[in-house]
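Novice: What follows is a structure written as structure tokens; I'll ask about it next.
A short reminder: the numbers here are calculations on the coordinates, not readings from a lab. Keep in mind that what you see is a predicted model, and the values were worked out from it rather than measured. Every residue, glycine as well, gets a Cβ built from its backbone with ideal geometry; the counts of neighbours run over all protein chains shown.
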Amino acid sequence: MTIIKKIPTQKTSGKTSVKKTVEKKESEAKFYYEAVGRRKQSTARVRLFTCRPFEDEKGKILVNDKPYTDFFTTLELQQIVASALKKMKSLNRFEAIIKVKGGGIKGQADAIRHGLARALVKFNADFSKKLKRAGYLRRDPRKKERKKPGLKKSRKAPQWKKR
């Protein structure tokens, strides 16, 4: 339940305005672990919530306000997204809300996996060893190479004629 308080404020011009403040009750506020994952041009902001045993919806992963199974249509990409949680056998222990932007669909999936792994380490530092061994905590440094002048792409040269 959200409570809105109206507090009158006085400005220097003599007019009064109403400032609204929003307070949330403690029972409604949820604690989460936040991390950022990146891959190529993609960036994923991950918020990892812990689920309580009596909650109905356990293990829910939302990507840009959609379930991750709807956002990533192929099974391969869905497995990439959930792989960090599956590695720690904690798919139903957490709920994740993810905002991802930039790049292609594969880069976004890898960025989400990187962000989820980082958030899991913030939750429990003991997870670090297993996730590091799997390669989920390492930021993949490969990026698109820049185009060079005189070439059609980064390395593709125009057709060459001897005569």
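Novice: Rg to Rh for the range 91-163: what is it, with Cα atoms only and Rh by Kirkwood?
Specialist: Result for the range 91-163 is an Rg/Rh of 1.26.
Novice: Based on the Kirkwood radius over alpha-carbon pairs, what value in µm²/s does the Stokes-Einstein equation return for the translational diffusion coefficient of the range 27-157 at 4 °C and 1.567 mPa s?
Specialist: After rounding, the answer is 83 µm²/s.
Novice: Work out the length of the dipole vector of the range 31-134 about its Cα centre, built from +1 on the beta-carbon of each Lys and Arg and -1 on the beta-carbon of each Asp and Glu, and round it to the nearest 20 debye.
Specialist: Charge dipole, the range 31-134, about its Cα centre: 580 debye, nearest 20.
Novice: Same structure, new question: Could you tell me which of THR43, ILE97, THR73 has its Cα farthest along the dipole of the range 31-134 towards the positive end, charges placed at Cβ (Lys, Arg +1; Asp, Glu -1), taken about the Cα centre?
Specialist: The one lying farthest along the dipole's positive direction is THR43.
Novice: Sort 32-39, 134-141, 146-153 by packing, meaning the average of other beta carbons within 10 Å per residue, with the highest value first.
Specialist: Top of the packing list down: 32-39, 134-141, 146-153.
Novice: Okay, moving on. Given a Förster distance of 22 Å, report the FRET efficiency between GLN79 and LYS129 from their Cβ-Cβ distance, rounded to the nearest 0.05.
Specialist: Working from the Cβ atoms, E equals 0.50.
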